[in-house]
Structure formats: C-alpha cells, structure tokens
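Colleague: Pasting a structure here, questions to come.
The values are calculated or read from the model by the stated rules, or taken from the named source; none is laboratory data. Please read these numbers as outputs of a predicted model, since none were measured by experiment. Positions of Cβ are generated from backbone atoms using ideal geometry, with glycine treated the same way; all protein chains shown enter the neighbour counts. Each accessible area value is taken on the protein alone, full model and side chains, heavy atoms only, with ligands, DNA and RNA left out. Shrake-Rupley method; radii C 1.70, N 1.55, O 1.52, S 1.80 Å.
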Amino acid sequence: MVFFFQNLINALQWGSFYAMIALGYSMVYSILMLFNFAHGDIFMVGAYIGFGVATGLVALSASGFLALPGWMILVLTILLSMFLTSFVGMIVERVGYRPLRDAPRASAAITGLMIGIMLETGNLILLGARRVSFPPLIESVTYNVGGVFVTNKKIMIVLVSLSFMLALHLFVQKTRYGMAMRAMAFDYVVVPLLGIPINTIARLTFAIGSALAAVAGILFGVAYPVLDPYMGIVFGWKAFVAAILGGRGSIMGATLAGFLMGFIEIFVAMVFPSTLRDLIAYSIILLILVFRPHGFFGEPYSARLRL
Amino acid sequence: MLLSIQDLRVSYGRIKALHGLDFEIADGEIVCIIGANGAGKSTTLRAISRMVPVEDGTRMTFMGQDLLKLPPEKVVSQLGISHVPEGRRLFGNLTVLENLQLAAFARKDKDAINRDLKRVLTIFPRLEERLIQKAGTLSGGEQQMLAIGRAFISGRRLMLLDEPSMGLAPLLMLSVFDALREINAEGATILLVEQNARLALQFSQRGYVLENGEMVLQGDAKKLLDDPAVKTAYLGG
Amino acid sequence: MKVNTKMITEDEVLVIVGPQSSKQAVPAGDVADNYATPMISPWSTNPDTTKDRPYVFRGCFLDPFQGPVVANFITNEFGYTKAAVLYDVASDYPKGLAEFFKEAWEKIHGEGSVVAYESFTTKDADFSSQLTKINQSGAEVLFTPQYYNEVALIVQQAKELGWTKPIVGSDSWGSAETVALCGEACYGLFFSTHYAAAGATGKTKAFIDRYKEKYDYTPDDVAALTWDSLGIVETAVKKCGKITGKIEKDRKCVRDAMAKIEKYAGITGQMTFTEEGDPIKCAVIVKISDKGEYEFYKSVCP
C-alpha cells in the first residue's frame, strides 16, 4: 500500500509536467490546426529563461540590494519568465507560422521542427554545451507520512500546475478571448466574419501556451535541477502524444491525458522491469488510440479550410 | 451609394470566377443576386467581406471608404458589413448564447450589445428557449435564425446572406424572410444570393442575374420576375 | 593517423605515449602495432586499443575492472549483502559497468543478492519509480555508474524519497561538475576512480605539488596517468641499456622490457602488464568530502 501511494505521489508530479506542456501543444493544435513541434523547445527556453531570471534575482538578493525570501524569488521568476517566454512564442508564431497559415500542414509542421533546432542550437551558441544547475530557491523539506515520502517541492509543483490548469480552463470557458479560441478550434475560417482578428487570437494562443511551458520549465528546474539544451525534445514528443490522446479542442482532455501518461509511465515501471517501461507504456497508449482514435474528448472532425 | 463595386474580378488559381462585375447597393435596399450553381454568387459575397483576394483593377467602396484596404475582421467591425456564409457555419461546440456573444467580440458598447441581444431574441423567440444549448444541436431552421442573429449583432449596415433558404421547410423559410424584412425595416441593408430565384425576387426590391461570372441582367425585382429569359432559366418556365 | 604514421616512419620515434581518448587510441594503436612500434595510451579504457596488439599498452585499468573493485569495497567497508543498481540501459559505459558489478556482487554474496536492478533511458530526468522500487527492495546500498548530470538527479531524488543509505559510483562521477550540480546531497558518497588529488601521500603528493607549482592547478587523472606512462617508458628504455641506433631492434627491446615490468610503483598505483598490455593495478576509492572535494579514501586491489 505504501508502495502504491509513493508511486501515486511520484506520478502526480511527473504527470503535472506532461499535462502542462501538453496544454500548450493542444491549444495550438486545436485552435490553429498546427502541430507545433517547437513546443518542447519553448519549454526548454522557458526553463533557461527561468534559470536566468532566478540566478539574477538570487544574486540581487545576495547583494543585499533587495533581500527577498526564496519563495518570493520563485514567484517572481515564474511571473517574469512567463512574460518573457510568451514573447518567444509570439515571435515563433509571427516568423514561423503566420506566413504558412494557408500552406500545406506538412510545411507548417517541418517549420516547427526547424524552429526547434534553431532554439536548441541558439542555446548552445549562447551558453555553450554545458548543463546548468537551477538554483535551489526553496529549501527541500521531506515529510514522512506513514512511510510515504513527500517533499514540499512536490506538493508545490502539483498545486501550482493544477491552479494554472484551472485558470486556463476558466479563461477559455468564461472570457470572450477564450470563446474566440474555442470558436477557432471549431471552424477558424469563419471567425473573421464576426469581426474577430484571427492573428490576435493566434498570437494569444502561442503566448499562453508558451507562458505555460515556461511555468512547466521552472517547476521542472525546481524538481530536476539539471537543465540541458535538448531537454525539450522528449517532452515535445510526449506532449504531442498527450495532446492527440486528449482529443482535439479539449483542454480538459490534454490535461487528463498528460496526467494519464505520467501515471502509466510510473506505474508500468512499478510493476514491470524498468527496462520495458516505455515499450509497455506506449503500447498501452497505442491501444487506447486504437479504440478511441479521436482521443478522449475529441470529436470526429473534418477541417473545412475554406469558406 | 452605400456599396459600389466596379470591375470585380476574382480567380481561384487559373480558373476565373468573376469577370468584372459592376453593381451598387443603396442604403436601406434589399437586393438579390440570382444565378445557377457555380455562377459566382458566393464568390461575390466573399469578395465583399474580403475573404477571397480580388485582382488588380477591382474597386470596391463602402460609404466612400476603400474596402480593399481592410482585412476581413475590420470589414465587419469598422464598416458593419456582416456575412452569413453558405451552410451557416455556426460554432457547433459553443452554446447559442456564446455564438451570439462572440458576434459582439469587437464591440465595446455594452448597453447596445445587450439591446441587440434582446432584439434578436424577440425576432427569433425560439432561440431564447435554446440559449444554453450547443449550437450544433439546433434544427436547420433554428441554425439559420442563429446565423442571422449573429450577423445582426456583429454588424448590420449591410448584411450579406448566402442562401438563407437552403434546407428549410417552406413555412420556416417564410418566417425567416419575414424576420429579415423586419430587420431591414429597422435600417439594415440586405444583399442576398439565392438559388431559389422566385423567393429571392419576391423578397427583394432589385435583382441581379449572374451567369458564369458575369452580370447578364439587372433591374427591378418585379420586372425580373416577369422577364421571359429569367422565367425560362430560373423560375421553371 | 597520418601524424602517427609520420612519427613512426619519418621521425623514427622509439616509443609513443598517447593518444588519450579511445576514439584516437584505437586506430593509433593499429598503426603502431603494424609498424612494430611500442605505444602506451595513458587514459584509453576501450579494450580494443590493446586487444591482439603486442606493441600497444595502456596506463589505466579497463571498465570491467571497476565492477569487482566497487563490489569488494562495499563488502569490506560496510559489510552489506544486498545491493541495488540503477543504470542507463541506452548507454554503453553504465550498462557495461552495471553488468560487471552485478556479476561481481553475486559472486561474493550469491545469486539474487542484487535485490533491485533498475534501468532508465538517456535523457530521463525522473527516477522516482525506479528509486521507489529500490527503496522497497531492502537494498542496503545503491550503485549507479552514471555521468555527472544524472548523478545529481538520482542522488537528490533518492534523498527526497527517503533513501538514507550509501550511494556508490564509478570513475564517471569524477568530473568537477558532479558536485557543482549535485551540491550537498552528494557529500559523503564514494566512487571508484584512477587517482585522487586531495589527500594524496608520498610520491603522488610530490607529483601533485610539483605540477601545481609549474601549472598552477591541480592535475587531473589524465595528467597523473600520463606521468605514470612516461615513467614506465623510461624504466623500459633504461632496462634495454644503450640504444643501438638500429630502430627496429631498439623498438623490440623497449616493447619486451615494458611487457616484463613488474609492480611498477606509479603515482596512480602499482602496475604489472597482462599479456594484452593492460595493467593489473589498484583502483582508488574517492570520498566526496564535506567541502565537496574528491578525497583519497583508500586503494582497492582486485
């Protein structure tokens, strides 16, 4: 039982990352009918921006100029990095995707791959081929709850991710921009006919997705404080899987699918030899897709790309 | 003139869809364009709402403003030209109310938006019963009402309607057109394209006949109804 | 390899010390052996460098050697009987070492004494599932022959999951980055390697002091192994007596003398060559001190 609960805690944290990254992926995929293969790398950029901001704030704090407690630095780091990373997302949209909005989807997809490579190599050129260590902003405290070990960081990560997911959900359900996003996901061609500027919505979609990726990147840095320029690739692919698994146009679906993938990976490794983890985990996901080809909440959809 | 168009040319790749149309619409009018399938009716509406690119030489002005300088969303939000596309194209994943609210996306005048919303629901009382229902679950007639209501809110100095009668039972068709007449009486100018030529001409004041991308006839709607050529070609003899 | 051929045929060198990394040492060894010129690579750990090449030697031990060394060290130092292994299944070095360790451990403590043998894949960052399993397995010690970035993550996560027992590594831990990334979580842990600068005594200390004086920084294991390789060559050349001037004959003499060297007392330990030209030597166990320095802890021989 202890064994099970320990893995449940592990899976919650791991799933949070998949869910957060999948959200941004799913938003772009749903709203713009675009596989944003650069999203994993935006997550990486977000983590590095977070690293830069946090290191700067720690230095500022240490110099005595502005003494801040660690949690305050973390909050500021998250907010500032979200802001900065959203610009990266908007630039990617403007430079990489907008010129290709009416191009074949395959062209737009390889654009994502290329932008991803550019972000990775850009990082290499800027910082060199070394891994950086994310500054420990909060003192790690481990609680032993009847044999199950939980750290304050884990609790924080899960809660922060869940609140951002909830905030996004409310934004999409309750605001007119959120409404416009849902409308675009359904039929983006007619959206301008209601006086809604498509480009603004597209930019906003990228900005929000990137900001969430930045949050994921920083939380990742808190949990796994070793960053490297290629850390986003695997996450990009897995978020892609989660976005499809969740179903096109469903934020809830992407969130659930992200958590589910975290759970599957952790629990498969719990039951089977860890060498077989990915093989078994992704066979399960493949099986789910065979029975639900449109994902959990996706509906059969025929893209009408013209009026 | 509210809308004046000269030499409207549109091509889809190598295929020429419109070969230089000239027409005008005055404020408060109801005008229809009739023609066979593929004559270029829908393309004409798309050109006005800037959803398809036009060729050089085309001139389109709306209340003296150059339409060609505006992107599609500004045509709606700045000039008040709304467009009910063929097949209605509602957002089926949004509720009826959300579809209507979304139509006011670019508008800031809250009181006026609420007034318009109420007005739509008085014109189409059936929508009021379905406000929190997903638009995808509506019947064909209700969908048409919602599409018109949406256009009413997003802008109605000029409303472009693409086949409003399509797929509707005759009785529903009449009630939709009655509603449109009511909207017109309140000041909205209407340009509609229809395959149902008789209905369109009876409803309109003026009409244009489009054939293979060219205006072949135009004039008073009642006169077109009696025109022998129109009769044989579009009114079933 | 042009350089190597040129050195042998045009410059007529007697013996070659180098190259360091296996990537160059494997092909360079081929050239040297073909021209019957003795060569010693101080740092190449790939078996192919010396395999079936009578003229090629190396100054360091091979990867498989560390498995038994660590197994012996843990057994003697702590008296544990149950061990866990966590390694990257997609990377040759950790995978190989994990297997060598398992084999050696089970030879001492019997079949099934490696109670958890868990793996992950390169680039994984979360090891919670594997570590939870290891925690549950009743293992008394964890051996993880990983590189510095993974070491930091594994050690930190293990502590957060309530693991308080020792974690032991191999020479891949030896980078200065390990402590930079891992921080205090790694203090007090052990790993096996070729040599340790901190806490050295005798000859080794003398070498370090002289090196520091000249270059102003602490010599790493490559420097130390190169020093010993040079020493071995010197010994062999002296043993041959005078140089005849006939290059083929002199080269043969040096090679034979190197092969016959017994218990050469180097600063990285005592060395005797096997028939393959690989040294039988002792490994060094390093303890990461409370200041994050790599301290010499003890020497472990096979």
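Colleague: List the number of the failed condition for residue C:163; all other conditions in (1) at pLDDT 85 or above; (2) open to solvent by less than 40 Å² (accessible area, probe 1.4 Å); (3) in a helix (DSSP H, G or I) hold.
Modeller: Among (1) at pLDDT 85 or above; (2) open to solvent by less than 40 Å² (accessible area, probe 1.4 Å); (3) in a helix (DSSP H, G or I), the lone unmet condition for residue C:163 is (3).
Colleague: Please indicate, with yes or no, whether at least one residue in the range A:158-171 is facing chain C (nearest Cβ under 10 Å) and either more than 30 Å from residue A:197 (Cβ to Cβ) or assigned to a helix (DSSP H, G or I) (or both).
Modeller: no
So that you can scan it fast, the table gives a plain yes or no per residue for (1) touching a Leu at 6+ places or on another chain (Cβ under 9 Å); (2) within 24 Å of residue B:20 (Cα to Cα):
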residue	(1), (2)
B:176	yes, no
B:179	no, no
B:185	no, no
B:192	yes, yes
B:200	yes, yes
B:209	yes, yes
B:213	yes, yes
B:216	yes, yes
B:224	yes, yes
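Colleague: Hey, can you tell me all the residues within the range B:85-105 that are under 20 Å from residue B:46 (Cα atoms) and more than 7 Å from chain A (Cβ to nearest Cβ)?
Modeller: Across the range B:85-105, the qualifying residues are B:86, B:87, B:88, B:90.
Colleague: For residues that are under 12 Å from residue A:195 (Cα atoms), basic (Lys, Arg) and assigned to a loop (DSSP other than H, G, I, E, B), tally how many sit in the range B:71-107.
Modeller: Result for the range B:71-107: 1.
Colleague: For the range C:123-142, indicate whether the set of residues that are part of a strand (DSSP E or B) and either facing chain A (nearest Cβ under 10 Å) or crowded, with 17+ Cβ neighbours inside 10 Å (or both) is non-empty.
Modeller: Checking the range C:123-142: at least one residue is part of a strand (DSSP E or B) and either facing chain A (nearest Cβ under 10 Å) or crowded, with 17+ Cβ neighbours inside 10 Å (or both).
Colleague: Next question, about the same structure. Note down all Cβ pairs under 6 Å where the first residue falls in the range B:145-163 and is at positive phi, the second is of a type outside the set (Gly, Ala, Ser) and surrounded by fewer than 24 Cβ atoms within 10 Å (Cβ to Cβ), and they're at least six residues apart or on different chains.
Modeller: B:163/B:86
Colleague: Quick one: which of C:243, C:208 is closer than 24 Å to residue C:39 by Cβ, of a type in the set (A, V, I, L, M), surrounded by 13 or more Cβ atoms within 10 Å (Cβ to Cβ) and more than 14 Å from chain A (Cβ to nearest Cβ)?
Modeller: Unique residue meeting the criteria: C:243.
Colleague: Quickly run through the range B:62-85 and pick out the residues that are surrounded by fewer than 16 Cβ atoms within 10 Å (Cβ to Cβ) and touching a residue at least 24 places away in the same chain (Cβ under 8 Å).
Modeller: Across the range B:62-85, the qualifying residue is only B:63.
Colleague: Further, regarding this structure: Name the one entry in B:131, B:117, B:68 that is within 17 Å of residue B:150 (Cβ to Cβ) and either in a helix (DSSP H, G or I) or within 10 Å of chain A (Cβ to nearest Cβ) (or both).
Modeller: Every option except B:117 fails the conditions.
Colleague: How many residues are part of a helix (DSSP H, G or I), within 28 Å of residue C:115 (Cα to Cα) and of a type outside the set (A, V, I, L, M) when one looks only at the range A:265-298?
Modeller: Final tally of qualifying residues: 8.
Colleague: Here's another thing I want to ask about it. Take residue A:139 and tell me if it is more than 21 Å from the chain's Cα centre (by Cα) and either at negative phi or within 14 Å of chain B (Cβ to nearest Cβ) (or both).
Modeller: So residue A:139 passes the test.
Colleague: Quick one: count up the residues across the range C:2-48 that are on the phi > 0 side of the Ramachandran plot and more than 18 Å from the chain's Cα centre (by Cα).
Modeller: Result for the range C:2-48: 2.
Colleague: Taking into account only those residues within the range C:17-35 that are touching a helix residue (DSSP H, G or I) at 6+ places or on another chain (Cβ under 6 Å) and of a type in the set (A, V, I, L, M, F, W, C), which is surrounded by the most Cβ atoms within 10 Å (Cβ to Cβ)?
Modeller: Looking at the filtered set, the residue picked out is C:25.
Colleague: Quick one: which residue in B:153, B:190 is at pLDDT 90 or above, β-branched (Val, Ile, Thr), in a helix (DSSP H, G or I) and closer than 23 Å to residue B:63 by Cα?
Modeller: Selected residue: B:153, the only one of B:153, B:190 that is at pLDDT 90 or above, β-branched (Val, Ile, Thr), in a helix (DSSP H, G or I) and closer than 23 Å to residue B:63 by Cα.
Colleague: Here is a list of conditions, (1) part of a helix (DSSP H, G or I); (2) open to solvent by 10 Å² or more (accessible area, probe 1.4 Å); (3) more than 10 Å from chain A (Cβ to nearest Cβ), and residue C:173 meets all of them except one; can you say which number that is?
Modeller: (2)
Colleague: Answer with yes or no whether residue A:117 is within 14 Å of another protein chain (Cβ to nearest Cβ), part of a helix (DSSP H, G or I) and surrounded by fewer than 21 Cβ atoms within 10 Å (Cβ to Cβ).
Modeller: No, not satisfied.
Colleague: For residue A:35, only one of the following conditions fails: (1) in contact with a Ser or Thr (Cβ under 6 Å, 6 or more places away or on another chain); (2) under 26 Å from residue A:182 (Cα atoms); (3) open to solvent by 60 Å² or more (accessible area, probe 1.4 Å). What is its number?
Modeller: (1)
Colleague: For residue A:106, only one of the following conditions fails: (1) within 14 Å of another protein chain (Cβ to nearest Cβ); (2) open to solvent by 50 Å² or more (accessible area, probe 1.4 Å). What is its number?
Modeller: (1)
Colleague: Another one. It is to be established whether one or more residues within the range A:202-216 are under 30 Å from residue B:158 (Cβ atoms), open to solvent by 10 Å² or more (accessible area, probe 1.4 Å) and either modelled with pLDDT under 95 or within 14 Å of chain B (Cβ to nearest Cβ) (or both).
Modeller: Within the range A:202-216 (the criterion being under 30 Å from residue B:158 (Cβ atoms), open to solvent by 10 Å² or more (accessible area, probe 1.4 Å) and either modelled with pLDDT under 95 or within 14 Å of chain B (Cβ to nearest Cβ) (or both)), the answer is yes, since at least one residue qualifies.
Colleague: Hey, another quick one. Of the residues that sit in the range A:166-179 and are within 17 Å of residue A:211 (Cα to Cα) and in contact with a Leu (Cβ under 7 Å, 6 or more places away or on another chain), which one is least open to solvent (accessible area, probe 1.4 Å)?
Modeller: Among them, the one singled out is A:168.
Colleague: Condition (residue is crowded, with 16+ Cβ neighbours inside 10 Å, β-branched (Val, Ile, Thr) and in a strand (DSSP E or B)) applied to the range B:47-57: is it met by at least one residue?
Modeller: No, there is no match, as no residue in the range B:47-57 is crowded, with 16+ Cβ neighbours inside 10 Å, β-branched (Val, Ile, Thr) and in a strand (DSSP E or B).
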